[in-house]
Ligand SMILES: [Zn+2]
Ligand SMILES: [Zn+2]
């Protein structure tokens, strides 16, 4: 499938990538440089990282948003998209992520509609007694 590179507009073919080979390599190289710089300079700001690695500030923010960096610049300014709590990685804080965890909520039903097992047993009892 042919598509246009999001960065330079060049036509290329790849099933999942949105960047052409050249731009993808550039982003990967920047990512490596940013990651390494932050590991060596954990207190660095976004501007410092951009300057030191010759990367685009937007690109660094993109890495941060994607949660790809284990160390983020100290002024990354990430906040949870749901509650606004400052966070280090990703888009949603740990608390909200816990609430969104599909294993803690079964299906699209709201919490209040879940019937406790006890009342279900009682209901089955009533049916049995009626017979
Ligand atoms: Zn490109
Ligand atoms: Zn939150």
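Evaluate the stretch 59-70: report whether one residue or more is within 16 Å of ligand 1 (Cβ to nearest atom) and assigned to a loop (DSSP other than H, G, I, E, B). Write out each step before concluding.
Of the stretch 59-70, the ones within 16 Å of ligand 1 (Cβ to nearest atom) are 59, 62.
Narrowing the set further to residues that are assigned to a loop (DSSP other than H, G, I, E, B) leaves none.
No, the conditions are met nowhere in the stretch 59-70.
Among the residues in the stretch 3-23, are any assigned to a helix (DSSP H, G or I) and either under 21 Å from the mean Cα position of the chain (by Cα) or within 16 Å of ligand 2 (Cβ to nearest atom) (or both)?
The answer is no, given that none of the residues of the stretch 3-23 is assigned to a helix (DSSP H, G or I) and either under 21 Å from the mean Cα position of the chain (by Cα) or within 16 Å of ligand 2 (Cβ to nearest atom) (or both).
Looking only at the stretch 10-28, filter to residues that are within 8 Å of ligand 1 (Cβ to nearest atom) and more than 21 Å from residue 60 (Cα to Cα); which one of those is surrounded by the fewest Cβ atoms within 10 Å (Cβ to Cβ)?
The selected residue is 10.
Considering the stretch 77-90 alone, what residues qualify as being in contact with a strand residue (DSSP E or B) (Cβ under 9 Å, 6 or more places away or on another chain) and assigned to a loop (DSSP other than H, G, I, E, B)?
Matches in the stretch 77-90: 77, 78, 80, 85, 87.
Name the single residue, out of those in the stretch 29-58 being surrounded by fewer than 17 Cβ atoms within 10 Å (Cβ to Cβ) and either within 16 Å of ligand 1 (Cβ to nearest atom) or in a loop (DSSP other than H, G, I, E, B) (or both), that is nearest to the chain's Cα centre (by Cα).
Checked the stretch 29-58; the qualifying residue nearest to the chain's Cα centre (by Cα) is 58.
Is it the case, given these coordinates, that residue 49 is closer than 30 Å to residue 80 by Cα and in contact with a helix residue (DSSP H, G or I) (Cβ under 6 Å, 6 or more places away or on another chain)?
For residue 49, the condition - closer than 30 Å to residue 80 by Cα and in contact with a helix residue (DSSP H, G or I) (Cβ under 6 Å, 6 or more places away or on another chain) - is met.
None of the figures in this text is laboratory data; all of them are computed from the coordinates on show. Just so you know, these numbers come straight off a predicted model, no measurement behind them. Cβ: placed from backbone, ideal geometry, glycine included. Neighbour counts: every protein chain shown.
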